[in-house]
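Structure record follows, encoded as structure tokens.
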Amino acid sequence: MFQLHISQELTAACPHYRVAAVYAEVQNSPFCEGLWQEIDAFTQELRAIDTADSIKQQPAIAATREAYRRLGKDPSRYRPSAEALRRRLLRGLELYRIDTLVDLINLVSLRTGYSIGGFDANKIHGTTLTLGVGRAGEAFEGIGRGPLNIEGLPVWRDAQGGIGTPTSDHERTKMDVGTRHILALINGYDGDEDRLREAAEMTRKALEKYAAGKAVEVAYLP
């Protein structure tokens, strides 16, 4: 497990922030039928009850949007990933099928409202990760998005630079079918420790069920 630190700059703006870190040895695959049965079932549930307004009011999403505002970022222009996923389904579009690890992280994010960073742990530089705030002009290559303006976004950094924000993770540390160790960071801006633990447990079970997860470690900060 990596050492996690939260900067004073982030804490000052988001004093209720909590994070759950889930680390595991895994076997990834291009597609998992059982997982997609779960995703399809949740999709039908969400489309039956959610609206554009109710998505924004979901506690974890609302708290992340408020964190963006406090840091000077427009959450309607740079949407948290959990919100963007729900909105995509509500528009009648299907989720992209990437690989089993990415797909299961997306499912947990959809269910809980938490924006979750999913990283190939072997691609992370160093043993320490720090959560800070994006700076003007800071280079960041969002997955499938190209250069992303992360000024004012919460950003996890390793020894080389930024690896993840609630809007998008970085190409450099993204997971692929060859990933053998995953680090998932569940970003909780709502301060609800019980709900965060539920999300971590959901992630642990999904990794064990769909990605042969073993040696699973779960840590919380602060």
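The values are calculated or read from the model by the stated rules, or taken from the named source; none is laboratory data. Keep in mind that this is a model prediction, so the values were computed, not measured. Glycine gets a Cβ as well: all are built from the backbone with ideal geometry, and neighbour counts include every protein chain shown. For accessibility, only protein heavy atoms count, side chains too; no ligands or nucleic acids. Shrake-Rupley method; radii C 1.70, N 1.55, O 1.52, S 1.80 Å.
Structure values in brief
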item: Of the GluC sites (Glu not before Pro) in the stretch 80-147, those whose Cβ has at most 12 other Cβ within 10 Å and which sit in DSSP loop; result: GLU94
item: Compactness of the stretch 1-46 - radius of gyration and Dmax, Cα, Å; result: 17.5, 44
item: Carbon and sulfur %, accessible surface of the chain computed with the full protein complex present, 1.4 Å; result: 48 percent
item: Fluctuation leader among ALA52, ALA206, ALA20 - the chain, Gaussian network, Cα springs under 10 angstrom; result: ALA52
item: Residues whose placed amide H lies under 5 Å from that of PHE2, excluding near-sequence neighbours; result: none
item: Proportion of all alpha-carbon pairs of the stretch 1-119 beyond 18 Å (%); result: 57 percent
item: Correct choice for Rg and Dmax of the Cα atoms in Å that was computed from the model, options [x] 16.0, 45; [y] 17.5, 55; [z] 20.8, 67; result: [x]
item: Listed residues PHE42, ALA52, PHE31: farthest to the positive end of the dipole of the stretch 27-70 (Cβ charges); result: ALA52
item: Estimated Rh, the stretch 94-139: Kirkwood, alpha-carbon pairs, angstrom; result: 13.2 Å
item: Calculated from backbone phi, Karplus (6.51, -1.76, 1.60) coupling profile of the stretch 18-34 in Hz, x at Gly/Pro; result: 9, 9, 10, 10, 10, 10, 7, 8, 9, 10, 7, 8, x, 7, 9, 4, x
item: Entries in LYS73/LYS214; LYS73/LYS209; LYS73/LYS205; LYS174/LYS209; LYS174/LYS205; LYS56/LYS209 that, when Cα-Cα distance is taken, lie over 27 Å; result: LYS73/LYS214; LYS73/LYS209; LYS73/LYS205; LYS56/LYS209
item: Rounded to the nearest 20 debye, dipole of the chain from Cβ charges on Lys, Arg, Asp, Glu; result: 400 debye
item: R0 of 30 Å, Cβ-Cβ distance ASN122-GLN37: FRET efficiency to nearest 0.05; result: 0.50
item: Residue of ALA139, ALA12, ALA121 that the Gaussian network model of the chain assigns the largest fluctuation, springs spanning Cα pairs under 10 Å; result: ALA12
item: Computed FRET value (nearest 0.05) for ARG135 with GLU217, which takes r as the C-beta separation and R₀ as 30 Å; result: 0.45
item: Cα gyration tensor shape for the stretch 121-222, rounded if a/c is under 1.5, else prolate or oblate; result: oblate
item: HN-Hα J in Hz across the stretch 2-9 - Karplus 6.51, -1.76, 1.60, θ = phi - 60°, x for Gly and Pro; result: 7, 7, 10, 9, 10, 6, 4, 4
item: Taking the chain and dividing mean pair separation by its residue count, relative contact order in percent (alpha carbons under 8 Å, at least six apart); result: 37 percent
item: Alpha carbon centroid spacing (whole Å) that separates the stretch 162-183 from the stretch 15-75; result: 16 Å
item: Those trypsin sites (Lys or Arg not before Pro) in the stretch 62-106 that DSSP places in a loop and that have at most 15 other beta carbons within 10 Å; result: ARG77, ARG91, ARG97
